[in-house]
Amino acid sequence: MNQQEALFRFALRMGDNALVLGHRISEWCGHAPALEEDIAQTNIALDLIGQARNYLTYAGEVEGKGRKEDDLAYLRDSREYINALITEQPKGDFAHTIVRSFLWDAFHRPLLNALANSSDERLKGIAEKAVKEVAYHLRHSSEWLIRFGDGTEESHRRAQTALDELWRFTGELFEADEAEQILAKEGVIPPLESLKAEWNATVDRVLAEATLKRPSEGWMASGGKKGVHTEHLSLMLAEMQTLQRSYPGVEW
Amino acid sequence: MPSAAEIEQLLEAVKDPEIPVISIRELGVLREVSVNNGEVEVTITPTYSGCPAMDFMRLEVERTLKQAGIGNFQVKQVLSPAWTTDWINEEGRRKLLEFGIAPPPHSADIRTLKGEAPPIACPQCGSTDTALVSHFGSTACKALYKCNACKEPFDLFKCH
């Protein structure tokens, strides 16, 4: 794998993560527990989908085969998606959504902070923009998590259940594949394991305030970054891609 | 051929579709206008990655240029350096306030950076006895507040 191929793969992954999570969060549109929260979740989804557009456009340019953002978003099957498994998990109840967002945001922010200093001008530009948005996302998910954990017996129980269920998807975030190893060596992206300390600190601080228990390490699921997904992604893509698959080339 | 300054003046007509009192120049979305060998280049930058108004503003720039008889132009979109609310000029801040939207606190305000809430004055009655309802408001760039004095809800153009 040369550096250009690695860059394509990394930009594609950043796009896939943002698109898949953005789509999952958008599923709350019209269904969130309160009007303000409906607006908040759709705003967060919009940020992520906007970021995805930037990454996928760039990925298409780096690849050099003429694929545009829509081709990459709508005309790839699940095996060609290389997002982390945590982003594709169903939205579950609202505690589930908040816990997933929190575990992701706590990783996403230090990653973007580092990418805002990337030697790659385009990644740097996308990250500079996105990091400010994600600072709001992390604050929002942290506040909810604290409210759930330190709230009622029921909200505490649901938050802890979601945390225990989603924890096994967090290991994959820090596993660098070949593309990420190449780019880290060239200083284009940070070594993923270097983000672990800040992630741990954020997680421990918020869980402590939320009176939630950090699950023990144990077995970690992985595969999403290689295109081996849980069954949920295919179902999500079937819905997300149906218009483009039914009417090839249609534009909004 | 109009000069860059004249074209900038022309583009004053292009407003933010979601806040129609403020132009893209006042908002800081319009970054640069240059004229080289008869070709006009207009550089714009999005406020947010997913700002749905961006395509609309680009189309409006193109339409305005064409209407003025300018055919040879290019509208370029850049991400870096990233747009910040500090780029909204004084004129823009005044118009936001008149429109009923509290202008953003300056990002250099350390309280903002630390996530603490700096006092926000109600755009209706001016009281600083206000409270945050939600960090996310009617558009990506706004937060929802309420005024405890006059009881009116209002939008804050949030710091970015």
* Asked: Quick one: how many residues across region A:49-79 are away from chain B (no Cβ under 14 Å) and either more than 17 Å from A:Arg245 (Cα to Cα) or among the small types (Gly, Ala, Ser) (or both)?
  -> 8
* To do: Scan region A:1-38 residue by residue and report those that are in a loop (DSSP other than H, G, I, E, B) and touching a Pro at 6+ places or on another chain (Cβ under 9 Å).
  => A:Glu27
* Asked: Within the bounds of region A:24-40, is there any residue that is open to solvent by 10 Å² or more (accessible area, probe 1.4 Å), in contact with an Asp or Glu (Cβ under 9 Å, 6 or more places away or on another chain), among the small types (Gly, Ala, Ser) and without any contact (Cβ under 8 Å) to a residue 40 or more places away in the chain?
  -> yes
* Structure fact -> Taking region B:37-51 and keeping residues in contact (Cβ under 8 Å) with a residue 12 or more places away in the chain and surrounded by fewer than 18 Cβ atoms within 10 Å (Cβ to Cβ) leaves B:Gly38, B:Glu39, B:Glu41, B:Thr43
* To do: Sort through A:Ile82, A:Ile86 and tell me the only one that's open to solvent by less than 10 Å² (accessible area, probe 1.4 Å), more than 14 Å from chain B (Cβ to nearest Cβ), at pLDDT 95 or above and not in a helix (DSSP H, G or I).
  => A:Ile82
* Structure fact -> Expected single match for within 14 Å of chain A (Cβ to nearest Cβ) and either touching a residue at least 24 places away in the same chain (Cβ under 8 Å) or part of a loop (DSSP other than H, G, I, E, B) (or both) among B:Ala121, B:Ala140, B:Ala131 is B:Ala140
* Looking at this structure, is B:Ser80 of a type outside the set (Phe, Trp, Tyr), within 25 Å of A:Ile39 (Cβ to Cβ) and in a loop (DSSP other than H, G, I, E, B)? -> no
* **Sole exception among (1) farther than 30 Å from A:Asp150 by Cβ; (2) open to solvent by 10 Å² or more (accessible area, probe 1.4 Å); (3) touching a residue at least 12 places away in the same chain (Cβ under 8 Å); (4) part of a helix (DSSP H, G or I) for A:Glu198, by number** => (1)
* Asked: Does A:Thr97 qualify as being crowded, with 22+ Cβ neighbours inside 10 Å, of a type outside the set (A, V, I, L, M) and touching a Lys or Arg at 6+ places or on another chain (Cβ under 6 Å)?
  -> yes
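One line per residue, one yes/no per condition, for (1) of a type in the set (D, E, K, R); (2) farther than 14 Å from A:Ala238 by Cα:
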site: A:Ile49; (1), (2): no, yes
site: A:Ala59; (1), (2): no, yes
site: A:Arg67; (1), (2): yes, yes
site: A:Leu72; (1), (2): no, yes
site: A:Leu75; (1), (2): no, no
* Asked: So which of A:Leu212, A:Leu237, A:Leu207 is farther than 30 Å from B:Pro52 by Cα, part of a helix (DSSP H, G or I) and in contact with a helix residue (DSSP H, G or I) (Cβ under 8 Å, 6 or more places away or on another chain)?
  -> A:Leu207
* To do: Filter region B:1-45 down to residues that are touching a strand residue (DSSP E or B) at 6+ places or on another chain (Cβ under 7 Å) and in a loop (DSSP other than H, G, I, E, B) and give me whichever is modelled with the lowest pLDDT.
  => B:Met1
* Structure fact -> When restricted to A:Asn54, A:Asn43, the only residue open to solvent by 20 Å² or more (accessible area, probe 1.4 Å) and either part of a helix (DSSP H, G or I) or within 28 Å of A:Trp252 (Cα to Cα) (or both) is A:Asn54
* Asked: Counting just the residues of region B:121-135 that are hydrophobic (A, V, I, L, M, F, W, C) and closer than 16 Å to B:Pro105 by Cα, which one comes out most open to solvent (accessible area, probe 1.4 Å)?
  -> B:Leu132
* To do: Taking A:Leu19 as the residue in question, decide whether it is more than 17 Å from A:Arg100 (Cβ to Cβ), in contact (Cβ under 8 Å) with a residue 40 or more places away in the chain and buried (at least 17 other Cβ atoms within 10 Å of the Cβ).
  => no
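The values are calculated or read from the model by the stated rules, or taken from the named source; none is laboratory data. Owing to the predicted nature of the structure, the values given are computational and were not obtained by experimental measurement. Counting neighbours? That spans all protein chains shown, and the Cβs are built from the backbone with ideal geometry, glycine included. Areas reflect the complete protein model, heavy atoms only, side chains present, ligands, DNA and RNA absent. Shrake-Rupley method; radii C 1.70, N 1.55, O 1.52, S 1.80 Å.
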